[in-house]
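Each remark here refers to the structure printed beneath this line.
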Amino acid sequence: MKKHLPLSFPRKPTILRAASRSLIPSAIAHWLGVRAIAIAPEQVAVREGLRAGVAVGTVMLLALYLHTPLMAWSAFAAFWTCLVDPGGLLRPRLATMLKFAALGTIISGSVSAAAGFGLVPAFLALGVSVFGCALGRLRGAIATQIGVLAAIVAVVAVCYPFPPDVAFRLSGLFALGAIWATLICVLAWPVDPYTPLRLACAAVLREEERMTRRMLDLMKPDGQSRKPQRASAGAFRREIRSRIERTRGRIEVLSADAISSRTRATLMPAVEACDRIFIALIAFEHAVLSGETSRTARRTVRVVTTTLHRMALETQRPEPRPERLLRQQRLLARIAEQETDLFSKGAHVCAQAVQDLITAWQTLSTPQAHATGQTRSGAARPAAVPRAQGLRHAARLCVCVLIAYAISLRLNLPYAYWAMMAVVVVTQPRVTTTLPRTIERVIGSIAGGLLAAVMGVLLPVWSILLLIFPLAAATIALRSVNYALCVMFMTQLFVLVTDLVSPGLGWDVALARAINNIIGSLVGLAGCLLLWPERRDAPLATQVAEAFRANIRYAALATGPEILSWSQIESARRKAGTTSTLAEIQYQTARLEGLRRSDQIAKARDILFLLRKLAGAASVWWMEKTPDPTPAVRQRAELYSRLAERFDPAEHSLSSTTPRQDLPLEDLLTLLEKLDLADLEDEHIVAVSHGYPL
């Protein structure tokens, strides 16, 4: 029988991969993740970092050997070219790096020459370059990355005013560094382009595994107290829900070529299985936090834990082995045969999800499945920002960069381009993304500047030169892990390179870097708040009310008289989870913005916590539903049906005499507290469900 060769070779565990996993312990990453601090340790790109280290380090060695300080431009060009590398297949990677090399070569020479003629030409050239680069956001994610880094080239070039002949030489040095880095990235250390996606899928499964291990700890006789675990349950679920949706979105935009289509057909069923198992885990967690510790419960959770562990191992392989999941699937199916309690019914959901994943993986080699994967994957494309929003962002960024340039000239700041670089990187189309980026930029710059200053003062020149390689490697390796860590290593790299070409500055370079980054970050944040601000997101109270409606709708479907299948209830469950996540993100943003609404923020926090509990209870009710419900179950179903009809616009009848309106946060909190106590005959609940005024 003819055997098909794998599309990519599985990599055996190496020292580099082991080192990448130990850089950031998973417990720390999880602790940060549930606190809305984005960090993805599985995305540590060691090989990409090594390529960048070689590209930058060799250029710096040549610059010092030739005693040519201006060759620092080649080192910066090499670093930026490694940074613009989007990963993935070779052809789009090469096109991206060459486009950036050509654009950076033109901008570096023209802006430097314009600055050599005076301040007015410098301002004009800088403004036009930044505005044009910012318009790349209209053409998608890759064009956005090229535009951001090309704008950084412009803000650095304006601080190197040269006559035209020297500016032409500077652009040549930029082209030299960019082409050298392109060759290194293309020819050295070939990397599987889809490893980050596979690792992202595996990371979601490991998060769910961590969730089940947490349940096992709670079910021990001397287990942890359940009270603090109840308080953190919402944060755990929010983090997993966010990871599932982010990973699903990244997989859906894969192109329609053969390898991408196959990768999509491999990973999308894994994400769907992960999502289906998640609903069972929510029900399990709700029962465990309520005191469930039976033998069946412990056995079910243990089997699900080992199943998730095996699924994570197979998902991160280029060619997953579905037969490795058969044993776990049979164990889950055996538990599900009992159909006696919540955990056996949850085991049935998990067994069906694993069986569907096995079937999908087993049919990957068939031409029909391959063609189907091509058709589906070709429908999705990376989305660009709306035209009006892109133009507004470009104008805002242009004005902010020019303001930062004027401030640096007025204050006679050394290395003024660092302030403008901070503006370019920090300023985002929406203030909700600009604010955390500003905080991370400032923290990373201060930490990196202090470390670089200590190294610049205490270490000899030859050891600083040796540090260029690991710093460049760490910056590129951590770019997808956490922005503050990336900035910290990037700051050390830039400060030490500057110190090498201009020795004797020491602490001054690091201090200038920190001050300029703080100034630039604040200018970018102020620009987002004051210059053509976009329409703000819905107020916190509105988003909390939306999450309330979605969760009530989910509870109404879960308790309704019909026994619904997974596909019938999945849409309502996902909407309940995503709206709660969006409201929790808005709650975190409101906390960062200040304490003027501290009372409202506290109420929103309590409501969102109770909504997560309601979602868990609804999952339990759905799995425990029987054809002959008890009177108490029917009463609960009628209550949630009335609540959904009043608050959910999809259920609100046009003939109803009572218009739908949201309750204040105080009333929502009171209602949810009553529902949490299961006091279904409470006068408050009856009045609200019938639409009576309170």
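The values are calculated or read from the model by the stated rules, or taken from the named source; none is laboratory data. Treat the numbers as computed from the prediction; the structure is a model and nothing was measured. All Cβ positions, glycine included, derive from the backbone under ideal geometry; neighbour counts span all protein chains shown. To get the accessible areas, we keep the full protein, side chains included, count just its heavy atoms, and leave off ligands, DNA and RNA. Shrake-Rupley method; radii C 1.70, N 1.55, O 1.52, S 1.80 Å.
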Taking first residues from region 530-549 that are within 18 Å of A572 (Cβ to Cβ) and surrounded by 14 or more Cβ atoms within 10 Å (Cβ to Cβ) and second residues anywhere that are at pLDDT below 80 and of a type in the set (D, E, K, R), the pairs with Cβ under 7 Å that are 6 or more apart or on different chains are A545/D662; R549/D648
Can you name the residue in region 453-482 that is open to solvent by less than 40 Å² (accessible area, probe 1.4 Å), at pLDDT below 75 and over 18 Å from L62 (Cα atoms) and is also farthest from the chain's Cα centre (by Cα) among such residues?
G456
Any residue that is of a type in the set (D, E, K, R) and part of a helix (DSSP H, G or I) - is there at least one of those in region 119-140?
yes
Identify, by number, the condition in (1) at positive phi; (2) at pLDDT 75 or above; (3) in contact with a Gly (Cβ under 6 Å, 6 or more places away or on another chain) that W532 doesn't meet.
(3)
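To keep it simple, each residue is scored yes or no on (1) assigned to a loop (DSSP other than H, G, I, E, B); (2) at pLDDT 80 or above; (3) not hydrophobic (A, V, I, L, M, F, W, C).
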| site | (1), (2), (3) |
| --- | --- |
| A604 | no, yes, no |
| I607 | no, yes, no |
| L611 | no, yes, no |
| L614 | no, yes, no |
| P649 | yes, no, yes |
| S655 | yes, no, yes |
| L669 | no, yes, no |
| D679 | yes, no, yes |
| A687 | no, no, no |
For region 325-357, name all the residues that are more than 16 Å from W622 (Cα to Cα) and more than 30 Å from the chain's Cα centre (by Cα).
L326, R327, Q328, Q329, R330, L331, L332, A333, R334, I335, E337, Q338
Is region 563-570 home to any residue that is at pLDDT below 80, open to solvent by less than 70 Å² (accessible area, probe 1.4 Å) and touching a Leu at 6+ places or on another chain (Cβ under 7 Å)?
yes
Every residue from region 432-452 that is open to solvent by 40 Å² or more (accessible area, probe 1.4 Å) and among the basic types (K, R)
R437
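Yes/no per residue for (1) surrounded by 18 or more Cβ atoms within 10 Å (Cβ to Cβ); (2) assigned to a helix (DSSP H, G or I); (3) in contact (Cβ under 8 Å) with a residue 24 or more places away in the chain:
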site	(1), (2), (3)
C159	yes, no, yes
D165	no, yes, no
S171	yes, yes, yes
L176	yes, yes, yes
I184	yes, yes, yes
R198	yes, yes, yes
C201	yes, yes, yes
V204	yes, yes, yes
M211	yes, yes, yes
Which condition number in (1) in contact with a helix residue (DSSP H, G or I) (Cβ under 8 Å, 6 or more places away or on another chain); (2) modelled with pLDDT of 85 or more is the one that H370 fails?
(2)
Spot the failing condition for A102; the list is (1) surrounded by fewer than 18 Cβ atoms within 10 Å (Cβ to Cβ); (2) farther than 20 Å from V424 by Cβ; (3) hydrophobic (A, V, I, L, M, F, W, C), and only one is missed.
(2)
Could you go through region 407-430 and let me know if any residue there is at pLDDT below 80, under 28 Å from the mean Cα position of the chain (by Cα) and open to solvent by 40 Å² or more (accessible area, probe 1.4 Å).
yes
Name the pairs whose Cβ atoms lie under 7 Å apart, with the first residue in region 512-526 and open to solvent by 10 Å² or more (accessible area, probe 1.4 Å), the second among the polar types (S, T, N, Q), and 6 or more positions between them or separate chains?
A514/S445; L525/T434; L525/T438
If we keep only residues of region 304-335 that are open to solvent by less than 10 Å² (accessible area, probe 1.4 Å) and without any contact (Cβ under 8 Å) to a residue 60 or more places away in the chain, then the residue farthest from V354 (Cα to Cα) is I335
Given (1) under 26 Å from L529 (Cβ atoms); (2) touching a Gly at 6+ places or on another chain (Cβ under 9 Å), where does G444 come up short, assuming only one miss?
(2)
Hey, among T81, T68, which residue is open to solvent by 10 Å² or more (accessible area, probe 1.4 Å) and under 30 Å from W462 (Cα atoms)?
T68
